[in-house]
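All remarks here apply to the structure that follows.
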Amino acid sequence: MTTISPDVVTQVARLARLRLDDHAAAHVTQQLNDILAYVRQLQAVPTDGVEPTSHVLPLSNVLRPDESKPSLPQTSVIALAPATHPPFLAVPKVLEAG
Amino acid sequence: MTSVMSYEPVIGLEVHLQLKTTTKLFCGCSTKFGAPPNGQTCPVCLGLPGVLPVLNARAFDWGIRVALAFNCQLASVMKFDRKQYFYPDLPKNYQISQYDQPLAQHGHLEVVVEGQTTRTRIRRIHLEEDAGKLLHDASQHESFVDFNRAGVPLLEIVTEPDLRSAETAYQYLIELKSIIEYLDVSTCNMEEGSLRCDTNISLRSQGTETLGVKVEVKNLNSFRAVKLALEHEQHRQATALARGERIAQETRLWDARALRTESMRSKEEAADYRYFPEPDLVPFMITPEQVEQVRGQLPELPAQRRARFQQQYQLCAYDANVLTQSRALAHLFEEAVRAGTPAKPVANWLMGEFLAYVKDKSLEPAAVKLDPVWLKDLVELVQRGRLSGPMAKTVFTQMLDRGVPPQQVVGERGLEQISDPAHLERLADEVLQANQKSIEDYRRGKTSALLHLMGQAMRLSKGTANPQQLSALLKRKLEQGQVNAPQ
Ligand SMILES: [Zn+2]
């Protein structure tokens, strides 16, 4: 039976750029395992003959025509960023190419 | 120890193609290249909370078009997924892409390399959104971000590792670009980033099936760079293997100046993108009817046109290949022939002078203003003897430079060939009069004297005299001894 170990939580938190102290990590580990247990209960429901889906809405092929709409003004976009060098947003120097 | 020659390269290619839709993949922002930075964004492409992406119908349709041209099987249901990673050019911290239910799979493309047809299988083709653009050079401590490109539609075309030489990879890319140009769905401009290519290569001993350690190569800014990088990497890996070294699984960057690949040395761990279904986008059904409808709208593709050109115009495989690589070039050829010019001279002009001109000016054939009728006129001027070969080349260049018909160039520049017998006679007499020694030389049996006289006469006429007529005339005069004083 799969469970989520504290190591997995630490790893996922790191990938998601979340800082968790030991207490929070233990708490989240417990919560995630509870969720897994709940999903395991759901797995008892017979689903033969039910079409697998990635979506709950009875909708498909929602499309829009390739027609342009006004964008946001440049100044208000730049204003959203914590650091700027108009007309650009500024971030700490990225050294790596690619 | 195994020799360097006994390894076979196993190459795969990944091409990202920017679709030239008017708007982005999931919002109505313009995709126009070169707009003021951060002026083409909205809450959807910036990933602000509470927004809903909606798929661009044209991007969907064009994706199906490309998939069919690459002989793929379209998915009956496709969906989008979130590919999660952090990078300053990615405003949402995830990219909307396709993971396990892509647009299309299991295609193939055939290219001819050194007279042999090789088939490359296409693993998958999927739709995804582009990231923004980072500028590194303006400041020492900061990188600058422009989100205009974020959300622009990309089509990713991934091959199986079926390519067995750098040259085959190069030819595959040429064919790919040609197909896309025929489909008219991307500008394929590598400088503007609308076509990007990554490649991977491993080596294995000839005759074995086990794959070697795969190295990815990035930072390839032209098809030529792809070819050079693969050749370099093949040699680097073979040399290392022959020395008994192991190949590291890594990503390397092509250095176009030093002509070598360099290890990126940055990713200590394998990327973990934690894909999951994009909850904001519902699935997309692709019905057989829709596929057939798009198939019915496909234009004639390069391979079909090549075959037709060989058959219809009696061109050799090589000529048909060169002429059909660019849709614009193929069109020029057919229109000039349709206007009544024989196929062979038109083909020669286009494959020789025209392509040299385009290459010299770093232009795409479609960017040159050339009326097919002008080609017909030029060929006729040469055939009627009114233009010599070298003069016709001058006229051709002028015609393209200025975008005017050949008659106009000829008229304005006085380039017309002198074929008038009386005019040529005067010219011959003048030259003979001034070169008595050559006449004596010729009569003593020194036939090269005729060449000297020809040279003098051509110079005197500034290259406009009809050389065949002039040569015959000079010879006749020398042999009959009829040298008149110039009038
Ligand atoms: Zn937008």
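For the residues B:E245, B:E216, the requirement of being acidic (D, E) and in contact (Cβ under 8 Å) with a residue 12 or more places away in the chain singles out B:E216. Name the residue that is nearest to the ligand (Cβ to nearest atom), counting only residues in segment B:37-50 that are open to solvent by less than 60 Å² (accessible area, probe 1.4 Å) and free of Cβ contacts under 8 Å to residues at least 24 places away in the same chain. Among those residues, the one meeting the criterion is B:C42. If we keep just the residues of segment B:131-150 that are in contact with a helix residue (DSSP H, G or I) (Cβ under 6 Å, 6 or more places away or on another chain) and modelled with pLDDT of 95 or more, which is farthest from the ligand (Cβ to nearest atom)? Of everything passing the filter in segment B:131-150, B:G132 is farthest from the ligand (Cβ to nearest atom). Evaluated against (1) open to solvent by 100 Å² or more (accessible area, probe 1.4 Å); (2) more than 7 Å from chain B (Cβ to nearest Cβ), A:R17 falls short on exactly one condition, (2). Looking across segment B:258-294, the residues that are of a type in the set (S, T, N, Q), closer than 25 Å to B:I96 by Cα and either surrounded by fewer than 12 Cβ atoms within 10 Å (Cβ to Cβ) or modelled with pLDDT under 90 (or both) come down to B:S266, B:T287.
Quick check on segment B:151-163. Is at least one of its residues modelled with pLDDT under 95, part of a loop (DSSP other than H, G, I, E, B) and within 30 Å of A:K93 (Cβ to Cβ)? The answer is no, given that none of the residues of segment B:151-163 is modelled with pLDDT under 95, part of a loop (DSSP other than H, G, I, E, B) and within 30 Å of A:K93 (Cβ to Cβ). Tell me, please, whether a residue that is away from the ligand (no atom under 16 Å from the Cβ), in contact (Cβ under 8 Å) with a residue 12 or more places away in the chain and of a type in the set (A, V, I, L, M, F, W, C) can be found in segment B:85-98. No, because not a single residue in segment B:85-98 is away from the ligand (no atom under 16 Å from the Cβ), in contact (Cβ under 8 Å) with a residue 12 or more places away in the chain and of a type in the set (A, V, I, L, M, F, W, C). Residues in segment A:67-98 that are under 28 Å from B:N56 (Cα atoms), among the polar types (S, T, N, Q) and either more than 7 Å from chain B (Cβ to nearest Cβ) or more than 16 Å from the ligand (Cβ to nearest atom) (or both): A:T75, A:S76. Condition test on B:G34, is it open to solvent by 30 Å² or more (accessible area, probe 1.4 Å) and within 16 Å of the ligand (Cβ to nearest atom)? No; evaluated as a whole, the condition is false for this residue.
The values are calculated or read from the model by the stated rules, or taken from the named source; none is laboratory data. Predicted, not measured: the structure shown is a model, and the values here were computed from it. No Cβ is skipped: glycine too gets one built from the backbone with ideal geometry, and neighbour counts run over all protein chains shown. All accessible areas refer to the heavy atoms of the entire protein, side chains included, with ligands and DNA or RNA removed. Shrake-Rupley method; radii C 1.70, N 1.55, O 1.52, S 1.80 Å.
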